[in-house]
1. Using a Gaussian network model on the chain with a 10 Å cutoff between Cα atoms, which of Asp194, Asp63, Asp139 fluctuates the most?
2. Using only Cα atoms and rounding to the nearest 10 degrees, what angle (0 to 90) does helix 2-21 make with the longest principal axis of the chain?
3. Expected output is a single nm value to one decimal: the length gained when fully extending between Phe109 and Tyr72, i.e. 0.36 nm times separation in residues minus the C-alpha distance. What is it?
4. For volume of the Cα convex hull per residue in Å³, pick the label among (i) 113; (ii) 153; (iii) 181 that corresponds to the value derived from the coordinates.
5. Placing unit charges on C-beta atoms (Lys and Arg positive, Asp and Glu negative, everything else neutral), compute the dipole magnitude of region 23-223 about its Cα centre in debye, rounded to 20.
6. Name the residue, out of Ala95, Ala54, Ala104, whose mean-square fluctuation peaks in a Gaussian network model built on the chain with Cα pairs under 10 Å.
7. Which value, in nm² and rounded to one decimal, describes the direction-averaged projected area of the C-alpha convex hull of region 33-118?
8. Of Gly75, Gly107, Gly168, which has the largest mean-square fluctuation in a 10 Å C-alpha GNM of the chain?
Amino acid sequence: MKKVILSTIIIVIATSLFAQKMTVLDYFEKLPKDVRFAYEIENIEGDWVSQSNADYEIKPVVDIINGYIEIYDEGTGGGTVKLQVVLYRKKDGSALIAVSKTEAEGGVFINSVVKFFEYKNKKWIDVTYKVIPELSYSDFLKKGFDMPDFPEDYYEMSAISYNLPQHGTTIEVSLNAGGLYSICSGDFDALPADKKLVCDFINNLIKQPIKLTWDKTNRKFYQK
């Protein structure tokens, strides 16, 4: 019985040590293709290289020491993709992988999402709801200004964007008004728009991003 328990302990320790040796690039390569937009990264003669969705070579940021990867893809010029992958370590040394994806189309429509994963027993587990507070548009408005009744199209033209850190562990979150700026300026009239409603909204956005601080002991982020 003692031998079985000892063997189990050794296996657990060995698994933990192996996980701690994995780099952000190791985890990136194991991420499902739909999570990383099917991007691949390879090292060619000392340079990190990836492939644009428009089928040309792009240069990703691969910072193994700081556990950070960023791919910025301008495509054919009509839309862009920004993908960030960050390796966080919990107090016990286990990994938490953050993935932020932002897509912008023609400077008008924007979509942004952030996810957090743990890799256990060769399976990815989405733990986003456990580690990060849920934010809404109202969190980015000045006190005393109520969130207006936006049509669905307006939400497709703006997004809550998560900027993952290359240095440190703090995440900065902002509301990207995207195409709403064009409505306010009068440059975009493809949709029925309430210019005053949109301009009032933009003018009442807080200027500074919301900062989410990483607590490795409790394994979650807190709003400062």
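Every number in this text was worked out from the coordinates using simple rules, so none of it is lab data. Everything quoted here is computed from the prediction, not taken from an experiment. Cβ: placed from backbone, ideal geometry, glycine included. Neighbour counts: every protein chain shown.
1. Evaluated over the chain, the most mobile residue of the options is Asp194.
2. Taking the Cα atoms of the chain, the angle to 2-21 is about 40 degrees.
3. Details: separation 37, 0.36 × 37 = 13.32 nm, distance 1.71 nm.
Full-extension gain reported as 11.6 nm.
4. For volume of the Cα convex hull per residue in Å³, the calculated option is (ii).
5. Details: 23 positive and 31 negative charges, 260 e Å.
Dipole about the Cα centre, nearest 20: 1240 debye.
6. Largest GNM mean-square fluctuation: Ala54.
7. Dividing the Cα hull surface by four gives the mean projection, 6.4 nm².
8. So, out of Gly75, Gly107, Gly168, the one fluctuating most is Gly168.
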